[in-house]
Amino acid sequence: MQDSATSALLSRDAAAAAMGVRYVRSDHDSVSFAQNTIPSLADDVGRFGLPMFGVLLDCTVGSAGYCASETQPIAVVASMSIALTGATSHSAELVADGWPVHVDDTTGTALGRAEVRTGDGVVLATATARAAKVERSMIDGIPALSPADLPLGPTSTTDSGGPADVYGLTVVDRSAETTTASVEPKSWMLNPFGSVQGGVLVGLMATATEVAARPLAERGQGFYLADIGVDLIRSPALSMGELIIETTLVRRGRRFCLLDSELRTADGKTLVRSHGTILLT
């Protein structure tokens, strides 16, 4: 991977800029990115999760698959599987390292793995992802942003607080088995190609899963998202307007709760799907 090419791509990624993701280094064996923590994206107990570092993870694991290649093709993450530790930390920095696993030239895809940890060495998550080569042109007019541009305060349309406010996730209906929420793509969420960045979608699906899981915890009981697999079928454009996320409870166990989510357009086309495991503590 070439430093200049990676830096140029990252500089046109609005979501990475909004999250403060920065390129650190790369060679033929690994790649590293970092970001500062964002307090408004921590959960109720101050835990750092995918709403905070989904974009960091996407940049890292998406780049890792091809970092051993002589040339760095333009590729986007098509699917990602993440295991989270649920650890807490007071660190002000997050660091992500990624490594190549396999390149499949016949399909134009590459498999990479990554680890996210805090600046003081606490491991937060491990991930594997499959990236796919694409032939797309980067668009002009991507906004130049920083973490100060994130919608950090409560809004009039969200009632869940924290990450749900930042992502603009609004619960519109809830039953014992299903939680339905709405969300609208924003300019800070965009990748260099003008659609919603994959890491934003990972963070969004994680947020929807956790919002749906809140009623599952007994009084005084905690929980966190322990595992999630995300299939990025089609990245939404700003022009799609309001989208719907439907999360269904598959099983509630004594310790583990399984939830499936789908992000759809207003006319029912599936854009993203996920399978999450909530761990009750």
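The values are calculated or read from the model by the stated rules, or taken from the named source; none is laboratory data. These numbers were taken from a predicted model, which means no experiment stands behind them. In this analysis, Cβ positions are derived from the backbone assuming ideal geometry, glycine residues included, and neighbour counts consider all displayed protein chains. Ligands, DNA and RNA are excluded from the accessible area calculation, which covers all protein heavy atoms including side chains. Shrake-Rupley method; radii C 1.70, N 1.55, O 1.52, S 1.80 Å.
Remarks
- Rounded to the nearest 500, the 222 nm mean residue ellipticity of the chain from helices alone is -5500 deg cm²/dmol, with -39,500 (n - 2.57) taken per DSSP H run of at least 4 residues.
- Accessible area per residue for the chain, computed on protein heavy atoms with a 1.4 Å probe, is 44 Å².
- Placing unit charges on the Cβ atoms only, positive for Lys and Arg and negative for Asp and Glu, gives the chain a dipole magnitude near 460 debye about its Cα centre.
- Region 40-107 - percent of accessible surface contributed by carbon and sulfur, probe 1.4 Å: 53 percent
- Contour excess over end-to-end distance, with Cα ends at SER11 and ALA144 and 0.36 nm allotted per residue: 47.0 nm
- Extension gain for the segment THR88 to LYS133, taken as residue separation times 0.36 nm less the Cα-Cα distance, is 12.7 nm to one decimal.
- To the nearest ten degrees, helix 198-213 and the longest principal axis of the Cα atoms of the chain are 10 degrees apart.
- Rounded to the nearest 10 degrees, the inclination of helix 50-64 to the longest alpha-carbon principal axis of the chain is 30 degrees.
- Projected label points at THR265 and SER187, each 7 Å from Cα along the beta carbon direction, are separated by 2.4 nanometres.
- Choice from VAL77, VAL123, VAL55 with maximal GNM fluctuation in the chain (Cα, 10 Å cutoff): VAL123
- Selected from SER26, SER69, SER79 as most flexible by GNM, with the chain as the system and alpha-carbon contacts under 10 Å: SER69
- VAL24-ARG219 FRET efficiency (beta carbon distance; Förster radius 35 Å; 0.05 resolution): 0.20
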